[in-house]
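See below for the structure under consideration.
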Amino acid sequence: GAVVSQHPSRVICKSGTSVKIECRSLDFQATTMFWYRQFPKQSLMLMATSNEGSKATYEQGVEKDKFLINHASLTLSTLTVTSAHPEDSSFYICSARFGDGYTFGSGTRLTVV
Amino acid sequence: AQSVAQPEDQVNVAEGNPLTVKCTYSVSGNPYLFWYVQYPNRGLQFLLKYITGDNLVKGSYGFEAEFNKSQTSFHLKKPSALVSDSALYFCAVRVPHGSSNTGKLIFGQGTTLQVKP
């Protein structure tokens, strides 16, 4: 149990366009999901916490208008990278709390060209 | 400040030898500690956690970790390493987050484990 499905696994987009990443909890309800960004061979940096039915909480230094988060249901959270630029290229991972632990999606490799 | 440190960027061991990946933490209160493994271009896979109880925690794939409160450490160990254990390992601690009881994870820098045949 406690599977989080993240889609797409890879996406290439043109600079200036927007990209949406979905994160679904398959067999449990997740009132809170977490969005991380990871640079090559580096640790995970928490970007924001999405809460079902309310506004997301962003970490310091993360642009709210650039990284739009929506948590419309108990099983789906989305991250939209708006007006993407090459510096937004990264690996994005979502996570949800389950019991005493946390389960992670398989990640999305975003490349902006 | 609450933090997690993994002092080694990389650990190299020979297959069949024991391995240790180090982790120390700094948090207020009782720590909830986790170890995750990450393979290239993949998400994090849970290995084990310490919430309470026995200081020696056994997890997936033969890994274990020992919680040492006096040394504020939670080192990951395996008696006999496999080549397939080669991956990036993260130690994490749960800290309070906002007004909810969800908490959030703070990660160490990560340690690359290289197991050679």
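The values are calculated or read from the model by the stated rules, or taken from the named source; none is laboratory data. Because the structure is predicted, anything quoted here is derived from the model rather than measured. A quick note on method: Cβ atoms are made from the backbone with ideal geometry, for glycine too, and the neighbour counts reach across all protein chains shown. We work out accessible area using only protein heavy atoms, side chains counted, and drop any ligands, DNA or RNA first. Shrake-Rupley method; radii C 1.70, N 1.55, O 1.52, S 1.80 Å.
Just one of the numbered conditions (1) within 14 Å of another protein chain (Cβ to nearest Cβ); (2) surrounded by fewer than 18 Cβ atoms within 10 Å (Cβ to Cβ); (3) more than 15 Å from A:Asp100 (Cβ to Cβ) is not true of B:Tyr89: (2).
If you go through region A:31-43 and keep only what is at the interface with another protein chain (Cβ under 10 Å from one of its Cβ atoms) and open to solvent by less than 20 Å² (accessible area, probe 1.4 Å), you end up with A:Thr32, A:Met33, A:Phe34, A:Tyr36, A:Gln38. Within region B:27-64, the set of residues being in a strand (DSSP E or B), open to solvent by less than 50 Å² (accessible area, probe 1.4 Å) and more than 14 Å from chain A (Cβ to nearest Cβ) comprises B:Glu64 only. Residues that are more than 13 Å from every other protein chain (Cβ to nearest Cβ) and not charged (D, E, K, R) within region A:12-28 comprise A:Ile12, A:Cys13, A:Ser15, A:Gly16, A:Thr17, A:Ser18, A:Val19, A:Ser25, A:Leu26, A:Phe28, listed in sequence order. Taking the condition touching a Cys at 6+ places or on another chain (Cβ under 9 Å), modelled with pLDDT under 95 and either assigned to a loop (DSSP other than H, G, I, E, B) or more than 19 Å from A:Thr108 (Cα to Cα) (or both), does A:Ala84 pass? Against the criterion (touching a Cys at 6+ places or on another chain (Cβ under 9 Å), modelled with pLDDT under 95 and either assigned to a loop (DSSP other than H, G, I, E, B) or more than 19 Å from A:Thr108 (Cα to Cα) (or both)), A:Ala84 does not qualify.
Residues in region B:1-20 that are under 18 Å from B:Gln109 (Cα atoms) and away from chain A (no Cβ under 14 Å) were compared, and the one that is surrounded by the fewest Cβ atoms within 10 Å (Cβ to Cβ) is B:Asn12.
Counting just the residues of region A:77-100 that are open to solvent by 10 Å² or more (accessible area, probe 1.4 Å) and within 8 Å of chain B (Cβ to nearest Cβ), which one comes out nearest to the chain's Cα centre (by Cα)? The selected residue is A:Arg97. The number of residues in region A:1-33 that are β-branched (Val, Ile, Thr) and part of a loop (DSSP other than H, G, I, E, B) comes to 3.
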